[in-house]
Amino acid sequence: MSRTTHPLTIGVTGGIASGKSTVARAFAAHGIPWVDADDVAREIVEPGEPALAEIAAHFGERILQPDGRLDRRALREIVFNDSEERRWLESVTHPRIRERLSEHLDAMARGPAPYHLLVSPLLLESSQHEMVDRIVIVDIPEALQIQRTVERDGVDEDQARAIIAAQMPRAERRKRADDIIDNSGDDEALARQVADLDRRYRQSGFPPSP
């Protein structure tokens, strides 16, 4: 976490189906803006973007839909089963995602909010953690993670377990946290935790680690 300029950039991450976007919206209720790295990842592979042309040249038209847009499911199936292809894809997309994120963060830093969020599932696995001042982990038990993934994404339990196994272990994420939000409860419990963090970030700028 190398940046120390104000306003603060707060990184928000967590495993699949932990509720990162839900947490971002809870902060937004307090007037806090955010950028979602998943949204940016979609932006940089839109038709006409250099990344999409490079990906299509590498994998062929099998990863394109009839309208020329990226077929995310087809690409995901390729790279999920081939670590070398996944690394190649990351070499194409990650630098462009980081550049676009920097643009969004700079714009938010010029705004009136006392701090802003970078929401990213790969915050800790990529160099994106270098772009934030503080890391918030959205945490839920693995059993609940599996249940929510199955319900949300329409995958079976084995697929959900495989996705979770491919991510950073929960214990490791928690070790890297400056703050942890427990999102295993109801909306009110989440709102209370976010309100508490919002007060701390506003009052002291850089609150002590718990």
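What follows draws every value from the coordinates through simple rules; no lab data is involved. Since the model is a prediction, treat every value here as computed from it, not as a measurement. Here Cβ is always computed from backbone atoms with ideal geometry, including for glycine, and neighbour counts include all displayed protein chains.
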Inter-label distance, nm, simple model (7 Å from Cα along the C-beta direction), LEU144/GLU84 = 4.2 nm
Among GLY48, GLY60, HIS94, which residue has its Cα positioned farthest towards the positive end of the charge dipole of the stretch 39-110, with +1 placed on the Cβ of Lys and Arg, -1 on the Cβ of Asp and Glu, and the dipole taken about the Cα centre?
-> HIS94
Beyond 30 Å, what share of the Cα-Cα pairs of the chain is found? Please give it as a whole percent.
-> 25 percent
With springs connecting C-alpha atoms under 10 Å apart, model the chain as a Gaussian network and identify which of GLY68, GLY14, GLY31 has the largest mean-square fluctuation.
-> GLY68
Net length gained if the chain between ARG76 and ALA162 were fully extended (0.36 nm per residue, minus Cα distance) = 29.6 nm
For a label point 7 angstrom out from the Cα of ILE180 toward its Cβ, which stretches of the stretch 114-138 have the backbone nitrogen within less than 20 Å?
-> 120-125, 134-138
Cα-projected label distance for GLU46 with ARG152, points at 7 Å along beta-carbon direction, nm = 2.4 nm
For the chain, with only Lys/Arg (+1) and Asp/Glu (-1) charged at the beta-carbon, what is the dipole magnitude about the Cα centre, in debye rounded to 20?
-> 660 debye
